[in-house]
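The values are calculated or read from the model by the stated rules, or taken from the named source; none is laboratory data. Note that this is a predicted model, so its numbers are computed, not measured. Glycine also receives a Cβ, built like all others from the backbone with ideal geometry; neighbour counts cover every protein chain displayed. For the accessible areas, the whole protein counts, side chains as well, though only heavy atoms, and no ligand, DNA or RNA atoms are used. Shrake-Rupley method; radii C 1.70, N 1.55, O 1.52, S 1.80 Å.
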Amino acid sequence: MTLFTPMLRPSPLTAIFSDEKTLQGMLDFEAALAQACAQCGVIPESAVELIASQCQAHKLDAQALSQAAAGAGNLAIPLVKQLTARVKLQDEQAARYVHWGATSQDAIDTGLILQLRAAFSASEELIEKLISALTGQVQRHQHSVMPGRTWMQHALPITFGLKLAGTLDALLRWQQRLYEIKPRVLVLQFGGAAGTLASLKDQGIPVARALAKQLQLHQADTPWHSQRDRLLEAAGWFAGVSCTLGKFAGDFSLLMQTEVSEVGEPIAEGRGGSSTMPHKRNPVSCAAVLTATTGIPGLMATLYASQNQQHERALGGWQAEWETLPQLITLAGGVMQTSWELLNGMQVNTARMRANLDITHGLIMAESVTLALAQFIGKQEAHRLVEQLCHRALDKNQPLAALLAETPQVTRYLCLKEIETLLDPQHATGSNDVFINQVLARAAQQTGRVK
């Protein structure tokens, strides 16, 4: 379905999970295995260069390999056959040592881990770019007052900076989690036929150590052929980042509605148009993000289900990961890339935000008046009185300020200037600056640590 790749998978992560990269990951394992075996005296040193020289994906017949995999049950079996045949053309003796001591799943799983390492590296760059873009927008809109919304209704005033800071705060946590999971996930798979490395006899552990060092991967305490929690943790990270950005895209698209018009997506020729309505400016970036985040939970469900793996090697559960995990990761990459483009070029209408605060004729500030009156007449009585005035303002389509000014129970304690101040949203953002400054400080600290 490559037609949808520019829309849903436009990030560098997509290329990492191409067919060629999948094959190359397994071939990198095979080349490193030959080197490790030779270092430990298991195979002749002379075989290493001959094997490694053929471990290049473009030298394989991918179409034939794909067809053969249907009968073999996995890609590694025909890959090893093709690799062995190519080495044999160079040196018949060297061909005997291809894939020495390993099993198919060792090659497939370790190849996947090598792809994951590249995906983590690309994701680190995307997260850093997202954090940088968000930091700039939070600083720019720290005091851009807008309606806060709960249950899809006006609640109390907030700032757009605080809204963005919530996303930044979450992304900083996802960045920290990525640092933490890498040592657990980027682990060599090497166990042989049943996870004992029996075919290597007393050289099993030395070869495993040399192989891990060669590939710059951590060494597992045990082979993990049927313990897939590492991959589940990796998938959970990509899914979680996508959910955070999906929430942002959902909110952004709601703020783009014609009746709200507080934000807009980047402006470009032909972007967001309609095939029939020339006036349309559709939230296409948000749509792409929400499309991906709608599909990702189902992919995560498959990976959770695939944790039920039988005995030492699985039947079905392991194989279910082959397409599911790359699909999830490339969708998540698209979410990160598209969100960064949206954040970089988004349009913010601060005047409309301020105007939307007034559409309820001051009702959004009713709580501040209630709290001010409560000091004199108690919380319950103040709430009852202001609630009555709010209902009257709605019924008569009158500003709350006018009704407060003509109500003796209010003017007895609050002068007109105080009422005006209490109804000014700019004075009702509470600890907005404290929260934003805390997030910005952590972003500066964490970004500095990354660099």
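Observations
- Calculated accessible area for the range 360-427 comes out at 58 Å² per residue, all protein chains present (probe 1.4 Å; ligands, DNA, RNA ignored).
- Reachable aspartates and glutamates, given that their alpha-carbon falls under 18 Å from the alpha-carbon of K396 and they are not under 8 places away in the same chain: D358, E387, E406
- In order along the range 306-316, the phi-based Karplus estimate (6.51 cos²θ - 1.76 cosθ + 1.60, θ = phi - 60°) of 3J(HN,Hα) comes to 6, 5, 7, 10, 7, 6, 8, 9, 8, 10, x Hz; Gly and Pro are listed as x.
- Distances between placed amide hydrogens fall under 5 Å for Q347 paired with G264, E265, all partners being 5 or more residues away or on another chain.
- Net charge in the neighbourhood of D221 (other residues with Cβ under 15 Å of its Cβ; Lys, Arg +1, Asp, Glu -1) is +2.
- Only helical runs count toward this figure. For the chain, summing -39,500 (n - 2.57) over DSSP H runs of n ≥ 4 and dividing by all residues gives -21000 deg cm²/dmol at 222 nm.
- Just the protein heavy atoms count here, and of the accessible area of the chain at 1.4 Å, carbon and sulfur take up 53 percent.
- Net charge, C415 excluded, C-beta distance under 15 Å - Lys, Arg +1, Asp, Glu -1: -2
- Ordering L231, L315, L134 by the projection of their Cα atoms onto the charge dipole of the range 4-352, which places +1 on the Cβ of Lys and Arg and -1 on the Cβ of Asp and Glu, puts L134 at the extreme positive end.
- Electrostatic tally near E321: other residues with Cβ closer than 10 Å to its Cβ, Lys and Arg +1, Asp and Glu -1, net -1.
- The magnitude of the dipole of the chain, with charges of +1 and -1 set on the Cβ of Lys/Arg and Asp/Glu and taken from the Cα centre, is near 280 debye.
- For the range 4-15, putting each phi into the Karplus relation 6.51 cos²θ - 1.76 cosθ + 1.60 with θ = phi - 60° gives couplings of 9, 4, x, 7, 10, 9, x, 9, x, 5, 5, 5 Hz, in residue order, rounded to whole numbers and with x for Gly and Pro.
- Per-residue Karplus couplings for the range 28-45, computed as 6.51 cos²θ - 1.76 cosθ + 1.60 with θ equal to phi - 60°, are listed in order as 4, 4, 5, 5, 5, 4, 4, 5, 5, 5, 5, 4, 8, x, 7, 10, x, 4 Hz, Gly and Pro entered as x.
- The range 4-352: Rg to Rh, with Rh as the Kirkwood radius over Cα pairs: 1.08
- D_trans [Stokes-Einstein, Kirkwood Rh over alpha-carbon pairs] for the range 101-180, 10 °C, 1.306 mPa s, µm² s⁻¹: 103
- Amide H contacts under 5 Å for M146: I158, T159, F160, restricted to partners 5 or more places along the chain or on a different chain, H placed in the peptide plane at 1.01 Å from N.
- The angle separating the long axis of helix 366-377 from the principal Cα axis of greatest extent in the chain is about 60 degrees.
- Cα convex hull volume per residue for the range 1-129 (Å³): 120
- For the chain, with +1 on Lys and Arg beta carbons and -1 on Asp and Glu, the positive-most of G161, V48, I267 along the dipole: G161
- Here the range 21-147 is assigned +1 on the Cβ of each Lys and Arg and -1 on the Cβ of each Asp and Glu. Its dipole about the Cα centre then comes out at about 320 debye.
- Dimensions of the range 140-261 along the principal axes, based on C-alpha atoms and rounded to the nearest Å, stand at 72, 25, 20, largest first.
- Projecting the Cα atoms of A119, T370, Q337 onto the charge dipole of the chain (Cβ charges, centred on the Cα centre) puts T370 farthest toward the positive pole.
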